[in-house]
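Q: Submitted below is the structure of interest, expressed as structure tokens.
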Amino acid sequence: GAGVSQSPRYKVAKRGQDVALRCDPISGHVSLFWYQQALGQGPEFLTYFQNEAQLDKSGLPSDRFFAERPEGSVSTLKIQRTQQEDSAVYLCASSDGRRYGYEQYFGPGTRLTVT
Amino acid sequence: KQEVTQIPAALSVPEGENLVLNCSFTDSAIYNLQWFRQDPGKGLTSLLLIQSSQREQTSGRLNASLDKSSGRSTLYIAASQPGDSATYLCAYKLSFGAGTTVTVRA
């Protein structure tokens, strides 16, 4: 595809439900990043993949958050037992460089609302 | 953790005025810095990437400078237009500022 795509664009979950958010990066991009953006704030880093390896998950807020990229392309961010504080926009970005500092291209985000 | 600060938080200017947006970070500037634009309800659009070895980068009406010694970057937008109204964010390493929300009045 031409850019990074994310699905679903909007997700409403009841507190306690599990959710799965998908990211399709730009074809051939080695690096993939997940961010969480609260209203009126800048994105906060969650986790980073280089190909299928999760090299940095220091930003995941709790063990309810889990991310995978099994074949080094599509990635899924899973949130178990959702809480109201998980309500945010989840952004995915990809880059053709390794590690940090290379130009990142962002998807449109998934807006998660936990009721 | 890397701290990235953007000042001002909001800016309103008449059409045609030049915009100056500031970004500061706490590090020795060994990484690249990227400026983004975000429209309401949308993802981030990359504007400029300044490599750590560069002092500035230009694209059309946009110019971004990088001062490693002071840990600052400045985004200049010349001759602003109403279509420039958006939130502008800078990112250094994996940290983002909270953004500057710009309104250009027609």
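The values are calculated or read from the model by the stated rules, or taken from the named source; none is laboratory data. Please read these numbers as outputs of a predicted model, since none were measured by experiment. Cβ sites come from the backbone with ideal geometry, for glycine too, and all protein chains shown count toward neighbours. Please note that ligands, DNA and RNA were not included when accessible areas were found on the heavy atoms of the full protein model with its side chains. Shrake-Rupley method; radii C 1.70, N 1.55, O 1.52, S 1.80 Å.
Q: In this structure, does B:VAL13 turn out to be over 26 Å from A:LEU91 (Cα atoms) and open to solvent by less than 50 Å² (accessible area, probe 1.4 Å)?
A: yes
Q: For the range A:21-32, name all the residues that are part of a strand (DSSP E or B) and over 11 Å from A:VAL4 (Cα atoms).
A: Hits for the range A:21-32 are A:LEU21, A:SER31.
Q: Next question. Which is crowded, with 18+ Cβ neighbours inside 10 Å, in a loop (DSSP other than H, G, I, E, B) and aliphatic (A, V, I, L, M), of A:LEU77, A:LEU112, A:LEU60? Before you say what the answer is, go through the steps one by one.
A: On the way: A:LEU77 fails: in a loop (DSSP other than H, G, I, E, B); A:LEU112 fails: in a loop (DSSP other than H, G, I, E, B).
Answer to the selection: A:LEU60.
Q: Exactly one condition in (1) outside any loop (DSSP other than H, G, I, E, B); (2) more than 14 Å from chain B (Cβ to nearest Cβ); (3) hydroxyl-bearing (Ser, Thr, Tyr); (4) crowded, with 20+ Cβ neighbours inside 10 Å is not met by A:TYR90; state its number.
A: With respect to (1) outside any loop (DSSP other than H, G, I, E, B); (2) more than 14 Å from chain B (Cβ to nearest Cβ); (3) hydroxyl-bearing (Ser, Thr, Tyr); (4) crowded, with 20+ Cβ neighbours inside 10 Å, A:TYR90 is out only on (2).
Q: Let me ask you something else. For residues that are open to solvent by 10 Å² or more (accessible area, probe 1.4 Å) and either within 11 Å of chain A (Cβ to nearest Cβ) or not hydrophobic (A, V, I, L, M, F, W, C) (or both), tally how many sit in the range B:18-33.
A: Qualifying residue count for the region: 9.
Q: Right, another one. Could you grab the pairs with beta carbons closer than 6 Å, sequence gap of 6+ or different chains, first residue in the range A:28-45 and without any contact (Cβ under 8 Å) to a residue 40 or more places away in the chain, second one open to solvent by 10 Å² or more (accessible area, probe 1.4 Å) and not in a loop (DSSP other than H, G, I, E, B)?
A: That search, which allows pairs on different chains as well, returns A:GLY42/B:PHE96; A:GLU44/A:GLN36.
Q: Continuing with this model, one more query. Name the residue that is farthest from the chain's Cα centre (by Cα), counting only residues in the range A:35-51 that are outside any loop (DSSP other than H, G, I, E, B) and farther than 11 Å from A:PHE106 by Cβ.
A: Filtering the range A:35-51 down to residues outside any loop (DSSP other than H, G, I, E, B) leaves A:35-37, A:44-50.
This time we only want the ones that are farther than 11 Å from A:PHE106 by Cβ, so: A:36, A:44-50.
Working: A:GLN36: 7, A:GLU44: 11, A:PHE45: 9, A:LEU46: 7, A:THR47: 8, A:TYR48: 9, A:PHE49: 10, A:GLN50: 14 Å.
My answer is A:GLN50.
Q: When you scan the range B:88-96, do you find a residue that is away from chain A (no Cβ under 14 Å) and open to solvent by less than 40 Å² (accessible area, probe 1.4 Å), even just one?
A: no
Q: Which of the residues belonging to the range B:38-64 are surrounded by 14 or more Cβ atoms within 10 Å (Cβ to Cβ), more than 12 Å from chain A (Cβ to nearest Cβ) and at pLDDT 95 or above?
A: B:ARG61, B:LEU62, B:ASN63, B:ALA64
Q: Counting only residues that are within 13 Å of chain B (Cβ to nearest Cβ) and among the hydrophobic types (A, V, I, L, M, F, W, C), which one in the range A:1-31 is surrounded by the fewest Cβ atoms within 10 Å (Cβ to Cβ)?
A: A:ILE26
Residue by residue, here is whether (1) in contact with a Lys or Arg (Cβ under 8 Å, 6 or more places away or on another chain); (2) touching a residue at least 24 places away in the same chain (Cβ under 8 Å); (3) not hydrophobic (A, V, I, L, M, F, W, C) holds:
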residue	(1), (2), (3)
B:PRO8	no, yes, yes
B:GLN38	no, yes, yes
B:LEU49	no, no, no
B:ARG55	no, no, yes
B:ALA91	no, yes, no
B:THR101	no, yes, yes
